[in-house]
Amino acid sequence: MSQTELVVQLQQGDEAAFKKLVDDYQVMVYNTALGIVQNEDDADDIAQEVFIQVFRSVSSFKGDSKFSTWLYRIAIGKALDHEKKKKRKKRFGFVQSLFGSNEDVDIQVAEFEHPGVKMEKKERANELFNALKQIPEKQRTAFTLHKLEGQSYQQVAEIMNTTLYAVESLMGRAKANLRKELKKYYSNNIPEQ
Amino acid sequence: MNRQEKINKLVEEALGSLDDAQRAEPRPYLLTRINARMNKGTASVWEKAGWLVTRPVVAFTGLCMIVLLNVLVVMNKTSHSNNRAEQTVQTQADELSYTASPIYDIDNTQP
């Protein structure tokens, strides 16, 4: 079944088409969300929300872009929204702690391990994921799509609705910022080999 | 290898650590979880109202409106009570037929 046929069937409310949509795109949606939010439960929640939104708003899909591009945009938007909410909650928790209320303050970010990274590279990957949290969200999105989703710069440009030149620039800045963050980290924490 | 070289090596290793990473897969039965979530139905009217009221913009605007209404009520009451006090004094003066006579009225015995 082609993407166009799938979209038409989804627009008709076909349940079998929805099942096929989830089967075909769950890894793509989940992996993208996971790269951004760095938490497996949150990524699972986001993946559910993405498919529910697609089911409810597929009639608004006009076919101006590829269906997968549209899906990527929804997944990225939801994941970034989730991150913002989390940050707001953290700030609110901090303000609450100033006024003596300690409920819901312990929003600790657990050490994230991406399940797809090879065992021998896990430690370095953890440090990279920590550094990723420190860079601007556009750079992080471009880096995640390219490195974790294996999208070419051209595809990243389509998903982010920008030019190839802009993506090259984003990736350049992302790498420079990550180098800076990692150097700062390793200057204080050189691991014992 | 000196310290700086060691740091640079670690940085490059970290940057390349995702190069051959596999895509992560969600836990099984994602479709079942999605269906369960959709069947749970949409939020009730009260849940939606609660969500709306707790939006920072709505909450702040509501708070400003309440403060503004309070200020208006207090100002209105103050001006009303001033008018009423003046009226009361005037009424009492009328009832007692109190009129302050100027001093020249006492001295002036001529009609």
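The values are calculated or read from the model by the stated rules, or taken from the named source; none is laboratory data. Quick caveat: nothing in here was measured; it's all calculated off a predicted structure. Heads up, the Cβs are rebuilt from the backbone with ideal geometry, glycines too, and the neighbour counts pull from every protein chain shown. Accessible surface is based on the protein model in full, side chains and every heavy atom, while ligands, DNA and RNA are left aside. Shrake-Rupley method; radii C 1.70, N 1.55, O 1.52, S 1.80 Å.
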Under the definition of partner shielding as Cβ atoms of other protein chains within 10 Å of a residue Cβ, what is the mean value for peptide A:17-30?
3
Might you work out the accessible area of A:E137 for me, using a 1.4 Å probe with all protein chains in place, and round it to the nearest 10 Å²?
70
Using Cα centres only, tell me the gap between the range B:28-69 and the range A:59-92 in whole Å.
18
Can you bin the range A:1-75 into rounded, prolate or oblate? Criterion: square roots of the alpha carbon gyration tensor eigenvalues sorted a ≥ b ≥ c, rounded for a/c under 1.5, prolate for a/b above b/c, oblate for the rest.
prolate
Can you send over the carbon and sulfur percentage of the accessible area for the range A:1-109, probe radius 1.4 Å, protein chains only?
48
For chain A, take the alpha-carbon Rg, divide it by the Kirkwood Rh, and send me Rg/Rh.
1.02
Testing the spin-label approximation: label points 7 Å from Cα along Cα→Cβ at A:K184 and A:T163. State their distance in nm.
3.1
Let me cross-check A:F92: its accessible surface, 1.4 Å probe, with only protein heavy atoms counted, in Å² to the nearest 10?
130
If we count every other residue with Cβ under 15 angstrom of A:V167's Cβ, Lys/Arg +1 and Asp/Glu -1, where does the sum land?
+2
For A:G63, what is the net charge nearby, where nearby means another residue's Cβ is under 15 Å from its Cβ and Lys, Arg count +1, Asp, Glu -1?
0
For the pair A:D23 and A:Q11, the simple spin-label estimate (label points 7 Å beyond Cα toward Cβ) gives in nm 2.3
Going through the cross-link list A:K89/A:K118; A:K78/B:K40; A:K78/A:K121; A:K62/A:K87, which pairs have a Cα-Cα distance over 24 Å in this structure?
A:K89/A:K118; A:K78/A:K121; A:K62/A:K87
If all Cα-Cα distances of the range A:111-193 are sorted into 5 Å bins from 0 onward, what percent lands in each bin, rounded to whole numbers?
3, 15, 23, 22, 18, 12, 5, 2, 0
Cβ-placed point charges (K, R +1; D, E -1), dipole of the range B:1-67 about Cα centre in debye, nearest 20
420
For B:K77, go through the lysines and keep the ones whose alpha-carbon is under 19 Å away, minus same-chain ones fewer than eight residues off.
none
Arrange the peptides A:154-166, A:34-46 so that the one whose residues have, on average, the most other Cβ atoms within 10 Å appears first.
A:34-46, A:154-166
Can you give the accessible area per residue of the range A:111-193, in Å², using a 1.4 Å probe?
53
For the range A:112-133, state which residues have at least 50 Å² less accessible area in the presence of all protein chains than in their chain by itself, taking the probe as 1.4 Å and leaving out ligands, DNA and RNA.
A:G116, A:K121, A:R124, A:L128
